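As structure tokens, the structure follows; a few thoughts come after it.
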Ligand code: ADP
């Protein structure tokens, strides 16, 4: 269980997070969606006790993220954005060193379990240098799973990966949630938020402007879109309540209209007037 209340963080003149409140339930996959600079990393850093908020509270499994950081660190696993594995060592050695540093009990069997959970058992003896980008991401997830955390935080887990590889990663995240872990991730990929997350919080300029299931967020603005290209080449989008209304509108407008379902990018544009990607 994660609870954030009125979290705020300012860096000199930039207000990175501006009064954000939400809660995430046990076993949920929660996604924070927003463009670069929205404040996602700052928020995840405050929740994982890496950055101190200027104001507000964050509680992880009932513990305060500032006063009880030590206790929280044993409950959570963190998958950072950067690839900070030791490239000269094997996958297994990376996990072993991390596990020793974190005093993981029954380390050898935990390493096997974590490698199984990310489908990398057969690469345990491979040097990190020889692993693909997707495998390295999976190894970082295995490292975060070593302590058997009840909450897994992932900062932009599939950034820079091919769509195919991204889907494999989503399967691993789903598996983690099915095995009872709460998952909190940040992303600027629409599809990742839409297909992977049970609920999505939309972050813009440090503010949480909407939070709900992907379906409910799309219903909020209208589940169908009529895209129209004007004579001078501009794209105009009409968000519509139902399919019949969308088809009727497309018929009454000029040629060149297409009807499609709304996605979370449309929701973001409707609520902020800006694009995510
Ligand atoms: P996101 O993860 O959504 O890209 P960030 O949390 O990294 O957003 O950044 C939010 C804002 O805070 C940005 O304007 C960024 O430049 C600023 N920011 C983040 N970290 C720092 C820092 N350590 N010092 C100064 N400004 C920062």
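Read the figures in this text as sums done on the coordinates, not as results from a lab. Note that this is a predicted model, so its numbers are computed, not measured. We place every Cβ from the backbone using ideal geometry, glycine too, and count neighbours over all the protein chains shown.
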| Nearest 10 degrees, 0 to 90: helix 133-145 Cα axis against the chain principal axis | 60
| Rounded to the nearest 5, what % of the DSSP beta bridges within the chain are antiparallel ones? | 65
| request: Calculate how steeply helix 243-252 sits against the longest principal axis of the alpha-carbon atoms of the chain, using the helix alpha-carbon long axis, and give the answer as 0 to 90 degrees to the nearest 10. | output: 40
| task | Assuming R0 = 30 Å, can you tell me the calculated FRET efficiency for the pair residue 263 and residue 3, based on Cβ-Cβ distance, to the nearest 0.05? | result | 0.55
| request: Would you list the P(r) distribution for region 222-261, with all Cα-Cα distances sorted into 5 Å bins from 0 and each bin expressed as a whole %? | output: 6, 30, 35, 19, 8, 2
| query | When ranked by the protection proxy of mean other Cβ atoms within 10 Å per residue, highest first, what sequence do the peptides 109-116, 141-148, 88-95, 20-27 form? | reply | 141-148, 88-95, 109-116, 20-27
| Is the shape of region 63-107 best called rounded, prolate or oblate, per the rule: a/c under 1.5 gives rounded, else a/b larger than b/c gives prolate, else oblate, with a ≥ b ≥ c the square roots of the Cα gyration tensor eigenvalues? | oblate
| Gain on full stretching of the segment that runs from residue 13 to residue 112 - 0.36 nm per residue minus C-alpha separation | 31.0 nm
| request: Take each of the peptides 97-105, 228-236, 9-17, 28-36, average the number of other beta-carbon atoms within 10 Å over its residues, and list them starting from the highest. | output: 28-36, 9-17, 97-105, 228-236
| said: Just to verify a number: FRET efficiency for residue 100 and residue 191, C-beta to C-beta distance, R0 = 45 Å, to 0.05? | reply: 0.75
| said: With the alpha-carbon atoms as the only input, what is the per residue convex hull volume for the chain in Å³? | reply: 148
| How large is the helix-only mean residue ellipticity at 222 nm for the chain, computed as the sum of -39500 (n - 2.57) over DSSP H runs with n ≥ 4, divided by its residue count, in deg cm²/dmol to the nearest 500? | -10500 deg cm²/dmol
| query | Once the Cα atoms of helix 107-117 and of the chain are each reduced to a long axis, what angle between those two axes, in degrees from 0 to 90 to the nearest 10, is obtained? | reply | 20
| said: Need the full-extension length gain, residue 247 to residue 198, defined as separation in residues times 0.36 nm minus the C-alpha distance. One decimal, nm. | reply: 14.7 nm
| What Kirkwood radius, in Å to one decimal, follows from the Cα pairs of region 86-244? | 18.1
